[in-house]
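First up is the structure itself, then whatever we jot down about it.
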Amino acid sequence: MLKNYIIIFWKVLQRHPFFTFVSLFGISITLMVLIVLSAVFDSTFGGYGPEKENNRLLYVFGGTFSLQGEKNHWTMRGSSSPYFYDQTVRKLKLPEMVSVLSLPQTVICYNEDRKIEAMRKYTDGNFWKVFDFEFLDGSPYGESEVERSDRVAVIDQKTSLDYFGTEHSVGQTIQVEGKVYRVCGVVEETSISRTFPFGNIFVPWTTSGQDLKAKVCHGTYLAVIKARSPGDRQAIQAEYQGLVGRFPFPDPYQFNTITSYADTYLEIFTRNLLDQAGENSRIGLFIVLITILVLLFMSFPAMNLVNINITRILERASEIGIRRSYGASIRTLLGQFLFENILITLIGGTIGFCLALLAVHLINRSAIFPYYILEVNVMVVLYALALSILFGVLSGIIPAYRMARMNIVNALKS
Amino acid sequence: MIELIEIEKVFQTKTIETVALKDIRLKVEKGEFVSVMGPSGSGKSTLLNIMGLLDKPSKGDVIYDGTSPAAFGDEKLSSFRNHKVGFIFQSFHLISDLTAYDNVELPLLYRKAKASERRKRVEEALTKVGLANRMGHYPSQLSGGQKQRVAIARSIVGNPEVILADEPTGNLDSGIGEEIMNLLVHLNQDESTTIVMVTHDEGLARKTHRIIRLFDGQQVS
């Protein structure tokens, strides 16, 4: 039976090459966009790179400090100080470990006559245990080097190649804003979409020259919490809220209220997007909104394909009549048309997938998005396959159902 | 084996009601070759469509060997039609994108027959109609007579209980028409295939066992 369907499918495609082109073009472009967006989503939120175990990680992006008084009200939002994390994150009992790290900062490195721009990140020793960086050369610095304020650095592959011309640069020195660091490790590049592990040069935070014990609320630091198991995250979030509620404000006339959350990446995103404070980060709502947007986006080419399919199927009314006369039920015909439609969307999906690979390659090479790395991995391929099939069903079901139910006698006469 | 009981068919549009068939009662026994004659618009094709379960009567019932398929759902009706009825149409109605072999194989695909069984039956059917050497040809590569032979092969490949032929020689010249009629007579006489044939040709009708005449939707003989 499938051979019969495939023969007919191929012949129908050849009958109207322009319609076929329009169908394949619409499908492939739609799916290309959806695959690239899936790659962006996966690159941003998926278990990937140094965050392979992101189902055990929670992130603290500082907090919102406010002064709520009779005469004065103000709010400051953003990253926090080491003092804040000492009073909150570092006092958590449930996690396996925690790490405090700085926001990445642009620095200039000079190598003789070469000027290289890079993103430097200050970290503690636990940073390398919380994340799973792939070391191409050497090894990370630990807590002892941090305590001694050793001028050691882990650099990424790109920086190593730009600065030294090789990715095997362990033992060599790199000058970062007037300070000389000895390279102890070289890691794979991380995409800038991964705010927490992203950086080109990683150095102990004790080499920053800042007073890390200063009792202030704001600073340029973030924190990452690694749970013992994914199921522990909710309990850790509750424990964190308890500590935030008991935070000892260094100057209650400056700030006396704080909201801060230990969130997954997606929760951080949805909280910012939906401006949502409180326990509920509204992930469910976000997923519903995204699903609606995706379905809406797919519906336009789907409607176009529906129209083309109706025209094509009208031409085949006689064939429908013959098949029905010889025992094809409505359900069988429906299956045939859906099969044909899914086949064309899989072909379009394959073309779209190839276009997406090209688009991802161009984005990765593009100067418009520096440090941004997209990857099309197995999950994205599966998303693409699922989307193709969904697309095929969506655009095929209405015309297929209409035509399968056509009166047999009228179909034979047409 | 096929009985039509007080069949009536009315076609209703918004403004007009057309009585295509009125009070049709007839029986077709196993092995009979019956022709249906009448002027244009007398209801011949409508009768055949109802008999072949392609259309439902407005009143009355069609009984096949004591079974009334009136209450069957679509799945059961389609399967019933697949096993009981073979059709031959005036315009051949072959699927142009399929070869002669694939066209003849069609009823067996809906029966989910095994590939080896299908191959055997299709080859037998095409051999019976004298087209064993045209299996790989497309309808566009066949003459009118050959197309109708392929249609006949398709109608008999599933060993149906009855073949319904709607003006099978209508689009063929007299010589080829004669050949097709001889083929149908041969199937009836040698294979005991029950055939109901609509025709305008008195000469062809006289070769059948019985002639049913319709006029204005009613049976006159």
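Tell me, what is the percent relative contact order of chain A, built from C-alpha pairs under 8 Å that lie six or more residues apart? Before the final figure, lay out each step's value.
Numbers: 707 pairs, mean separation 100.7, N = 414.
Contact order relative to length: 24 percent.
Relative contact order of region B:45-136: what whole-number percent is it, with Cα pairs under 8 angstrom and at least 6 residues apart? Please report the intermediate quantities before stating the final value.
On the way: 47 pairs, mean separation 19.0, N = 92.
Relative contact order comes out at 21 percent.
Give me the Å³ per residue figure for the convex hull around the C-alpha atoms of region B:74-152.
Numbers: hull volume 7.7 nm³, N = 79.
Dividing the Cα hull volume of region B:74-152 by its residue count gives 98 Å³.
Just to check I understand the Karplus step: with θ = phi - 60° and J = 6.51 cos²θ - 1.76 cosθ + 1.60, what whole-Hz values come out for region A:286-302, glycine and proline as x?
Coupling constants for region A:286-302: 4, 5, 4, 4, 4, 4, 4, 4, 5, 5, 5, 4, 6, 5, 5, x, 5 Hz.
For a quick protection proxy, order the peptides B:32-45, B:174-187 by their average other-Cβ count within 10 Å, most packed first.
Numbers: B:32-45: 20.0, B:174-187: 16.9.
Ranking, from highest mean packing down: B:32-45, B:174-187.
Pop out the carbon and sulfur fraction of the accessible area of the protein assembly as shown as a percent, whole number, probe 1.4 Å. Please report the intermediate quantities before stating the final value.
On the way: 16140 of 28980 Å².
Carbon plus sulfur share of accessible area: 56 percent.
Inverting the mean 1/r over all pairs of different Cα atoms, compute the Kirkwood radius of region A:1-81 and quote it in Å.
Values: mean 1/r = 0.0535 Å⁻¹.
Final number for the Kirkwood radius of region A:1-81 is 18.7 Å.
Using the Cα gyration tensor of region A:209-364, with a ≥ b ≥ c the square roots of its eigenvalues, what is the shape: rounded (a/c below 1.5), prolate (a/b larger than b/c) or oblate (neither)?
Values: a/c = 3.90, a/b = 3.06, b/c = 1.28.
It is prolate, given that a/c is not under 1.5 and a/b is the larger ratio.
Can you work out ³J(HN,Hα) from phi for every residue in region A:19-26, in order, using Karplus 6.51 cos²θ - 1.76 cosθ + 1.60 and θ = phi - 60°, giving whole Hz and x for Gly and Pro?
Taking θ as phi minus 60°, the curve returns 4, 4, 4, 4, 4, 5, 4, x Hz for region A:19-26.
Taking the solvent-accessible surface of protein heavy atoms with a 1.4 Å probe, what is the per residue accessible area of region B:1-146 in Å²?
Values: 6690 Å² over 146 residues.
In whole numbers, region B:1-146 has 46 Å² accessible per residue.
Residue by residue through region B:40-56, what is 3J(HN,Hα) from phi via Karplus (6.51 cos²θ - 1.76 cosθ + 1.60, θ = phi - 60°)? Round to whole Hz and write x for glycine and proline.
With the stated coefficients, region B:40-56 comes to 4, x, 7, x, 5, 5, 4, 4, 5, 5, 6, 5, x, 6, 7, 9, 9 Hz.
Total accessible area buried between chains B and A, 1.4 Å probe, in Å² to the nearest 100?
Numbers: alone 10880 and 20420 Å², together 28980 Å².
About 2300 Å² of accessible surface is lost on pairing.
For region B:77-221, what is Rg from Cα atoms divided by 2.2 N^0.38 Å, rounded to two decimals? Intermediate values should be presented prior to the final figure.
Values: Rg = 15.1 Å, N = 145, 2.2 N^0.38 = 14.6 Å.
Normalised Rg, Cα atoms only: 1.04.
When you look at the Cβ of every residue in B:54-62, what mean number of other chain Cβ atoms sits within 10 Å? Please report the intermediate quantities before stating the final value.
On the way: counts 8, 4, 0, 0, 0, 0, 0, 0, 0.
Whole-number average of other-chain Cβ neighbours for B:54-62 is 1.
Send over a whole-number figure in Å² for the accessible area per residue of chain A, probe 1.4 Å.
Details: 19250 Å² over 414 residues.
Solvent-accessible surface per residue comes out at 46 Å².
Dividing the Cα convex hull volume of region B:16-94 by residue count, how many Å³ per residue is that?
Working: hull volume 11.6 nm³, N = 79.
Expressed per residue, the convex hull around the Cα atoms of region B:16-94 is 147 Å³.
Using only atoms on other chains, find how many Cβ atoms lie within 10 Å of each Cβ of peptide B:104-111 and report the average. Numbers along the way, then the final one.
Numbers: counts 0, 3, 8, 5, 2, 10, 8, 2.
Mean shielding by partner chains, rounded to a whole number: 5.
Amide H of residue B:212 versus every other amide H placed in the peptide plane: which residues, excluding those fewer than 5 positions away on the same chain, fall under 5 Å?
Here B:35, B:36, B:37 satisfy the definition.
Given all pairs of different Cα atoms, what value in angstroms does the Kirkwood hydrodynamic radius of region B:1-151 take?
Numbers: mean 1/r = 0.0570 Å⁻¹.
After inverting the mean inverse Cα-Cα distance, the result is 17.5 Å.
Under 5 Å between amide H atoms, partner at least 5 residues away or on a different chain: which partners does residue B:194 have, H built in plane at 1.01 Å?
B:31, B:163
Given the pairs B:84/B:114; B:30/B:207; B:44/B:76; A:3/B:128, which span a C-alpha to C-alpha distance of over 23 angstrom in this model? Intermediate values should be presented prior to the final figure.
Working: B:84/B:114 19 Å; B:30/B:207 17 Å; B:44/B:76 26 Å; A:3/B:128 25 Å.
Those over the limit are B:44/B:76; A:3/B:128.
For A:397-409, what's the mean count of beta carbons from other chains sitting within 10 Å of each residue's beta carbon?
1
Using the per-residue mean of other Cβ atoms lying within 10 Å as a proxy for protection, in what order, highest first, do the peptides A:325-331, A:154-160 fall?
Answer by packing, highest mean first, reads A:154-160, A:325-331.
In bins 5 Å wide, starting from 0, what share of all Cα pairs of region A:276-347 does each bin hold, as a percent?
Here the calculated profile for region A:276-347 is 3, 12, 15, 17, 12, 10, 8, 7, 6, 5, 2, 2, 1.
For region A:75-164, evaluate the Debye formula with one uniform point scatterer on each Cα (no solvent term) and list log10 I(q)/I(0) at q = 0.12, 0.23 Å⁻¹, rounded to two decimals.
Debye intensities relative to I(0), on a log10 scale: -0.49, -1.33.
Quote the convex hull volume per residue of region A:335-414, based on C-alpha atoms, as a whole number of Å³.
Details: hull volume 8.3 nm³, N = 80.
So the per-residue hull volume is 104 Å³.
Could you tell me which trypsin sites (Lys or Arg not before Pro) in region B:122-221 are loop residues by DSSP with no more than 15 other beta carbons within 10 angstrom of their beta carbon?
Values: sites: B:128, B:134, B:147, B:149, B:154, B:206, B:207, B:210, B:213; in loops: B:206, B:207.
Those satisfying the criteria are B:206.
List for region A:1-18: residues with 10 Å² or greater reduction in accessible area, all protein chains versus chain alone, probe 1.4 Å?
A:1, A:3, A:4, A:7, A:8, A:11, A:15
Normalized C-alpha radius of gyration of region A:1-155, against 2.2 N^0.38 Å? Write out the running numbers ahead of the final one.
Numbers: Rg = 26.3 Å, N = 155, 2.2 N^0.38 = 15.0 Å.
Cα-based Rg divided by the globular estimate yields 1.76.
Which value, in nm² and rounded to one decimal, describes the direction-averaged projected area of the C-alpha convex hull of region A:124-227?
Values: hull surface 29.0 nm².
That works out to 7.2 nm².
Out of A:309, A:387, B:73, whose Cα points farthest toward the positive end of the dipole of the protein assembly as shown (charges: +1 Lys, Arg; -1 Asp, Glu; placed on Cβ)?
It is B:73, whose Cα lies furthest towards the positive end.
Starting from the amide H of residue A:111, placed 1.01 Å from N in the peptide plane, find each other amide H under 5 Å away whose residue is 5 or more places distant or on another chain.
Close amide H contacts, sequence-distant or interchain: A:116.
Out of the DSSP beta bridges found with both residues in chain B, what percent are antiparallel (nearest 5)? Walk me through the numbers before you get to the answer.
Values: 16 of 33 bridges.
Restricted to chain B, the bridges split so that about 50 percent are antiparallel.
How much solvent-accessible surface does residue A:11 expose, in Å² to the nearest 10, with a 1.4 Å probe and all protein chains in place?
60 Å²
So, counting K/R as plus one and D/E as minus one, what does the shell of residues with Cβ under 15 Å around residue A:20 add up to? Spell out each step's value before the answer.
On the way: positive: A:11, A:15, A:312, A:316; negative: A:315, A:340, B:97.
Surrounding charge for residue A:20 is +1.
Among bridges DSSP assigns within the protein assembly as shown, what percent are antiparallel (round to 5)?
Details: 58 of 84 bridges.
Close to 70 percent.
Taking every pair of distinct Cα atoms and averaging 1/r, then inverting, what Kirkwood hydrodynamic radius in Å comes out for the protein assembly as shown?
Here the Kirkwood hydrodynamic radius works out to 31.0 Å.
Within 9 Å, Cβ to Cβ, of residue B:37, how many net charges do the neighbouring residues add up to if Lys/Arg are +1 and Asp/Glu are -1? All intermediate terms of the calculation are to be shown ahead of the outcome.
On the way: positive: B:44, B:213; negative: B:201, B:202.
My count for the surroundings of residue B:37 gives 0.
Kirkwood Rh and Cα-based Rg: tell me the resulting Rg over Rh for region A:168-236, rounded to two decimals.
Working: Rg = 16.1 Å, Rh = 15.5 Å.
In region A:168-236, Rg relative to Rh is 1.04.
Would you please state which residues of region A:126-149 a label at residue A:96 would reach in this model, taking the label point 7 Å out along Cα→Cβ and a backbone N cut-off of under 18 Å?
Residues A:126-135, A:140, A:143 fall inside that zone.
The values are calculated or read from the model by the stated rules, or taken from the named source; none is laboratory data. Every value quoted in this text rests on a predicted model; they were computed, and no experiment measured them. A quick note on method: Cβ atoms are made from the backbone with ideal geometry, for glycine too, and the neighbour counts reach across all protein chains shown. Ligands, DNA and RNA are excluded from the accessible area calculation, which covers all protein heavy atoms including side chains. Shrake-Rupley method; radii C 1.70, N 1.55, O 1.52, S 1.80 Å.
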